[in-house]
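For reference, the structure discussed in these notes is given below.
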Amino acid sequence: MFELDRTIPESYANLISQADYDKILDISLEFFAQSDLQVTRVQNGLIFLAMDETDRELQAGLDNLVKTLAKTLPSEWQRVIEGHFARLTKLKEQEKAYNFFFKDFEYAQQYLRVLIKDAEAMPANLASELVKKIDFPETHTLLVFDFDEQFRFLTQKDIEEWGVHPDELFEIARHHIKSENIEIEEMVWNEEYSIYAFFSGDFAASYLLDIEDNAEFCIGEYGTLLAIPAKGAAFAHPIHDGEVLKVIETINPLVLQFYDHEPGSINAHYYWYFQGMWDIFPIEPNSDGMSTIKLPKNLEKMLYGDKN
């Protein structure tokens, strides 16, 4: 037997029910039982797989699958799930490649990338194993391999033999993001203010980590307002005046739509960039059960002065 956590991840709750999640797990586990892939544990939307030749665990995430199934008739779920995981039958061959990569940094570094995940998206014990850092508050920037059309989240054990400091690995990975295909669109609301939308299959949020180099046009006199609802979608507004909360009110439905429905969702927070630092727009609960988005204190002081 293996560790099996059937609790539906919080990020799936607005897409499917607990019963739906159980069904997805049942079909997925039956698929793996009929394959030569051994499941070692299921935890928080991740199925971990072991290979005969190695003690490394491989990860099969359910995030994108769940979002696809939420828009698919239940009668089609088995076909979709089996098709989704069919590519994993190549994992044994891929693991041989990974074993080579973990011994040859000079060759492997070309596949390094970073992805952004909400800090609450995975359990602490799992997160502690991964190579990660914090850039955007309340998120993790994770070091990954982008190889053979699949991502592998790298662990501390994976990078041991390289002997390269994690800071250097993240610098290399972020540099590679610059070469990814990023679509940028400018949206103008009522001729008042501009919102820049960044779209990519996987790396829009990661691209904005280096906003000074990649999107300097998004930086206003008072910095930048940024939303990263999903890995493939980000929205930025150059802050030139005190209308920033009005901008948030305008784009919030769009941000929530991407957060709820796009694969690789991150969060629905708003961030402020200014002179190399990222801050988060605080959210305060109201007595009516709703919440209010507030300006970061330092931004408020810059825009309106110190009222105290």
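Observations, loosely collected:
- Which listed residue is of a type in the set (Lys, Arg) and over 25 Å from Ala230 (Cα atoms), from Arg41, Arg6: Arg41
- Within segment 81-95, residues that are within 16 Å of Tyr21 (Cα to Cα) and among the acidic types (Asp, Glu) sit with their Cβ atoms under 7 Å from residues that are buried (at least 18 other Cβ atoms within 10 Å of the Cβ) and at pLDDT 75 or above, at 6+ positions apart or across chains, in these pairs: Glu82/Phe31.
- Residue that is nearest to Ile251 (Cα to Cα), among those in segment 186-225 that are touching a Ser or Thr at 6+ places or on another chain (Cβ under 9 Å) and of a type in the set (Ser, Thr, Tyr): Tyr193
Residue-wise test of (1) farther than 12 Å from Phe153 by Cα; (2) touching a strand residue (DSSP E or B) at 6+ places or on another chain (Cβ under 6 Å); (3) surrounded by 13 or more Cβ atoms within 10 Å (Cβ to Cβ).
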| site | (1), (2), (3) |
| --- | --- |
| Phe101 | yes, no, yes |
| Asp104 | yes, no, no |
| Val114 | no, yes, yes |
| Asp118 | yes, yes, yes |
| Ala121 | yes, no, yes |
| Glu129 | no, yes, yes |
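- Taken across segment 222-242, residues that are assigned to a helix (DSSP H, G or I), buried (at least 22 other Cβ atoms within 10 Å of the Cβ) and either modelled with pLDDT of 95 or more or assigned by TED's automatic domain parsing to the domain that holds Gln150 (or both) do not occur at all.
- Failed item, numbered, when Lys178 is tested on (1) within 25 Å of Asp279 (Cβ to Cβ); (2) touching a strand residue (DSSP E or B) at 6+ places or on another chain (Cβ under 9 Å): (2)
- There is no residue in segment 50-58 that is touching a Phe, Trp or Tyr at 6+ places or on another chain (Cβ under 9 Å) and part of a helix (DSSP H, G or I).
The values are calculated or read from the model by the stated rules, or taken from the named source; none is laboratory data. Computed from a prediction, not measured in an experiment: that's the story for all the values here. A quick note on method: Cβ atoms are made from the backbone with ideal geometry, for glycine too, and the neighbour counts reach across all protein chains shown.
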